[in-house]
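S.K.: One structure, pasted below without further comment.
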Amino acid sequence: MDIAFIVAALIAVAATVRVITCYNIMHALLYLVVSLLAVAVVLYTYGAPFMAVLEIIIYAGAIMVLIIFFVMMLNLGLETAEHEKAWLRPRIWLVPGIFCVVLLGELLYLILQNKQPAAGIQVVPPKQVGMALFGPYLIAVELTGILLMAGIVGAYHLGRQHKKTLHRFLENNLDT
(Lines give C-alpha, C1' and ligand atoms only; values in the text may rest on other atoms or scores of the structure.)
Protein backbone atom coordinates (compact mmCIF):
# COMPACT_ATOMS: atom_id res chain seq x y z
CA MET A 1 0.00 0.00 0.00
CA ASP A 2 1.07 3.52 -0.68
CA ILE A 3 2.40 5.51 2.30
CA ALA A 4 0.25 8.50 1.30
CA PHE A 5 -2.89 6.40 1.63
CA ILE A 6 -1.86 5.12 5.06
CA VAL A 7 -1.04 8.58 6.41
CA ALA A 8 -4.28 10.07 5.05
CA ALA A 9 -6.31 7.19 6.45
CA LEU A 10 -4.70 7.55 9.90
CA ILE A 11 -5.40 11.29 9.91
CA ALA A 12 -9.01 10.63 8.85
CA VAL A 13 -9.50 8.11 11.64
CA ALA A 14 -7.82 10.32 14.27
CA ALA A 15 -9.81 13.39 13.24
CA THR A 16 -13.06 11.43 13.21
CA VAL A 17 -12.37 10.10 16.71
CA ARG A 18 -11.82 13.70 17.84
CA VAL A 19 -15.14 14.69 16.23
CA ILE A 20 -16.88 12.12 18.41
CA THR A 21 -14.99 12.89 21.61
CA CYS A 22 -14.91 16.73 21.52
CA TYR A 23 -17.27 18.45 23.93
CA ASN A 24 -17.16 21.80 22.14
CA ILE A 25 -19.20 21.82 18.93
CA MET A 26 -16.83 24.18 17.11
CA HIS A 27 -13.82 21.97 17.87
CA ALA A 28 -15.74 18.95 16.60
CA LEU A 29 -16.64 20.80 13.39
CA LEU A 30 -13.02 21.79 12.87
CA TYR A 31 -11.93 18.17 13.19
CA LEU A 32 -14.75 17.15 10.85
CA VAL A 33 -13.33 19.47 8.18
CA VAL A 34 -9.90 17.84 8.66
CA SER A 35 -11.49 14.40 8.38
CA LEU A 36 -13.24 15.34 5.15
CA LEU A 37 -9.98 16.70 3.72
CA ALA A 38 -8.25 13.43 4.62
CA VAL A 39 -10.98 11.47 2.86
CA ALA A 40 -10.38 13.65 -0.21
CA VAL A 41 -6.71 12.65 -0.17
CA VAL A 42 -7.71 8.99 0.14
CA LEU A 43 -10.00 9.38 -2.88
CA TYR A 44 -7.16 10.99 -4.81
CA THR A 45 -4.82 8.11 -4.00
CA TYR A 46 -7.44 5.69 -5.34
CA GLY A 47 -7.38 7.51 -8.69
CA ALA A 48 -10.53 9.60 -8.30
CA PRO A 49 -9.33 13.21 -8.52
CA PHE A 50 -12.74 14.54 -9.52
CA MET A 51 -14.40 12.96 -6.48
CA ALA A 52 -11.60 14.35 -4.28
CA VAL A 53 -12.25 17.86 -5.57
CA LEU A 54 -15.99 17.43 -5.06
CA GLU A 55 -15.32 16.23 -1.51
CA ILE A 56 -13.34 19.39 -0.77
CA ILE A 57 -15.66 21.84 -2.50
CA ILE A 58 -19.00 20.43 -1.44
CA TYR A 59 -18.40 18.85 1.97
CA ALA A 60 -15.34 20.54 3.46
CA GLY A 61 -16.21 23.84 1.85
CA ALA A 62 -19.85 24.66 1.40
CA ILE A 63 -21.66 22.37 3.83
CA MET A 64 -19.20 22.82 6.70
CA VAL A 65 -19.26 26.62 6.32
CA LEU A 66 -23.06 26.44 6.37
CA ILE A 67 -23.03 24.29 9.52
CA ILE A 68 -20.50 26.54 11.27
CA PHE A 69 -22.54 29.62 10.33
CA PHE A 70 -25.70 27.94 11.57
CA VAL A 71 -24.17 26.92 14.90
CA MET A 72 -22.85 30.43 15.42
CA MET A 73 -26.25 31.89 14.49
CA LEU A 74 -28.01 29.90 17.19
CA ASN A 75 -25.55 30.84 19.96
CA LEU A 76 -26.25 34.53 20.42
CA GLY A 77 -25.35 36.47 23.54
CA LEU A 78 -22.51 37.80 25.66
CA GLU A 79 -21.53 34.38 26.98
CA THR A 80 -21.01 33.03 23.49
CA ALA A 81 -18.90 36.07 22.54
CA GLU A 82 -16.46 35.04 25.26
CA HIS A 83 -16.49 31.47 23.93
CA GLU A 84 -15.70 32.74 20.44
CA LYS A 85 -12.65 34.58 21.78
CA ALA A 86 -11.50 31.32 23.36
CA TRP A 87 -11.87 29.50 20.02
CA LEU A 88 -9.26 31.74 18.44
CA ARG A 89 -6.45 30.63 20.75
CA PRO A 90 -3.60 28.84 18.93
CA ARG A 91 -3.82 25.84 21.24
CA ILE A 92 -7.16 24.92 19.69
CA TRP A 93 -5.99 25.24 16.09
CA LEU A 94 -2.60 23.54 16.51
CA VAL A 95 -3.49 19.86 16.01
CA PRO A 96 -5.99 20.38 13.16
CA GLY A 97 -3.48 22.74 11.55
CA ILE A 98 -0.73 20.11 11.73
CA PHE A 99 -3.09 17.52 10.24
CA CYS A 100 -3.92 19.90 7.37
CA VAL A 101 -0.26 20.69 6.69
CA VAL A 102 0.54 16.96 6.54
CA LEU A 103 -2.39 16.39 4.17
CA LEU A 104 -1.33 19.33 1.97
CA GLY A 105 2.23 18.02 1.77
CA GLU A 106 0.94 14.58 0.96
CA LEU A 107 -1.35 15.90 -1.76
CA LEU A 108 1.47 17.95 -3.31
CA TYR A 109 3.69 14.87 -3.25
CA LEU A 110 1.00 12.82 -5.02
CA ILE A 111 0.35 15.49 -7.66
CA LEU A 112 4.04 15.94 -8.40
CA GLN A 113 4.54 12.18 -8.59
CA ASN A 114 1.92 11.99 -11.40
CA LYS A 115 1.20 8.36 -10.67
CA GLN A 116 -1.37 6.61 -12.86
CA PRO A 117 -4.35 4.89 -11.21
CA ALA A 118 -4.43 1.12 -10.82
CA ALA A 119 -5.28 -0.98 -13.86
CA GLY A 120 -8.93 -1.68 -14.48
CA ILE A 121 -10.19 1.67 -13.15
CA GLN A 122 -12.27 3.55 -15.67
CA VAL A 123 -12.05 7.34 -15.47
CA VAL A 124 -15.47 9.02 -15.46
CA PRO A 125 -15.43 12.55 -16.89
CA PRO A 126 -17.21 15.34 -14.99
CA LYS A 127 -19.73 15.80 -17.81
CA GLN A 128 -20.92 12.21 -17.40
CA VAL A 129 -21.30 12.70 -13.61
CA GLY A 130 -23.35 15.87 -14.19
CA MET A 131 -25.52 14.14 -16.76
CA ALA A 132 -26.21 11.30 -14.30
CA LEU A 133 -26.98 13.61 -11.39
CA PHE A 134 -29.25 15.92 -13.35
CA GLY A 135 -30.71 13.22 -15.55
CA PRO A 136 -32.22 10.14 -13.91
CA TYR A 137 -31.33 11.31 -10.37
CA LEU A 138 -32.66 14.88 -10.67
CA ILE A 139 -35.56 14.32 -8.28
CA ALA A 140 -33.25 12.80 -5.66
CA VAL A 141 -30.88 15.79 -5.89
CA GLU A 142 -33.77 18.27 -5.57
CA LEU A 143 -35.35 16.39 -2.66
CA THR A 144 -32.01 16.29 -0.86
CA GLY A 145 -31.70 20.06 -1.19
CA ILE A 146 -35.24 20.59 0.09
CA LEU A 147 -34.62 18.22 3.00
CA LEU A 148 -31.44 20.07 4.01
CA MET A 149 -33.20 23.43 3.84
CA ALA A 150 -36.17 22.15 5.87
CA GLY A 151 -33.79 20.79 8.51
CA ILE A 152 -31.98 24.12 8.80
CA VAL A 153 -35.19 26.15 9.03
CA GLY A 154 -36.67 23.73 11.56
CA ALA A 155 -33.55 23.73 13.73
CA TYR A 156 -33.44 27.53 13.63
CA HIS A 157 -37.03 27.82 14.82
CA LEU A 158 -36.52 25.22 17.54
CA GLY A 159 -33.28 26.74 18.80
CA ARG A 160 -33.88 30.47 18.66
CA GLN A 161 -34.41 32.53 21.77
CA HIS A 162 -37.97 33.73 22.15
CA LYS A 163 -38.53 37.18 23.58
CA LYS A 164 -41.11 37.06 26.34
CA THR A 165 -44.05 39.26 25.49
CA LEU A 166 -47.14 39.97 27.48
CA HIS A 167 -50.59 40.58 26.19
CA ARG A 168 -51.54 44.27 26.13
CA PHE A 169 -54.14 43.76 28.88
CA LEU A 170 -51.56 42.14 31.16
CA GLU A 171 -49.08 44.97 30.60
CA ASN A 172 -51.65 47.53 31.80
CA ASN A 173 -52.42 45.49 34.92
CA LEU A 174 -48.75 45.22 35.86
CA ASP A 175 -48.29 49.01 35.81
CA THR A 176 -51.00 49.59 38.46
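S.K.: Looking only at the stretch 1-56, count every residue that is at pLDDT below 80 and of a type in the set (A, V, I, L, M, F, W, C) and tell me the total.
M.R.: Result for the stretch 1-56: 3.
S.K.: Looking at the stretch 1-22, which of its residues are free of Cβ contacts under 8 Å to residues at least 12 places away in the same chain and either touching a helix residue (DSSP H, G or I) at 6+ places or on another chain (Cβ under 7 Å) or aromatic (Phe, Trp, Tyr) (or both)?
M.R.: Cys22
S.K.: Considering only residues that are assigned to a helix (DSSP H, G or I), farther than 16 Å from Glu106 by Cα and open to solvent by 60 Å² or more (accessible area, probe 1.4 Å), which ones fall in the stretch 17-51?
M.R.: Val17, Arg18, Ile20, Thr21, Ile25, Phe50, Met51
S.K.: Report whether or not Leu94 is at pLDDT 75 or above, under 12 Å from the mean Cα position of the chain (by Cα), in a helix (DSSP H, G or I) and not aromatic (Phe, Trp, Tyr).
M.R.: No, not satisfied.
S.K.: Right, another one. Starting from the stretch 142-155, take each residue that is closer than 17 Å to Ala132 by Cβ and list its partners that are assigned to a helix (DSSP H, G or I), counting only C-beta distances under 9 angstrom and pairs at least six apart or across chains.
M.R.: none
S.K.: Scan the stretch 114-144 for residues that are loosely packed, with under 10 Cβ neighbours inside 10 Å, within 11 Å of Gly47 (Cβ to Cβ) and modelled with pLDDT of 70 or more and jot them down.
M.R.: Gln122
The values are calculated or read from the model by the stated rules, or taken from the named source; none is laboratory data. Every value quoted in this text rests on a predicted model; they were computed, and no experiment measured them. So basically every Cβ, Gly included, is an ideal-geometry build from the backbone, and we count neighbours across all protein chains shown. Areas reflect the complete protein model, heavy atoms only, side chains present, ligands, DNA and RNA absent. Shrake-Rupley method; radii C 1.70, N 1.55, O 1.52, S 1.80 Å.
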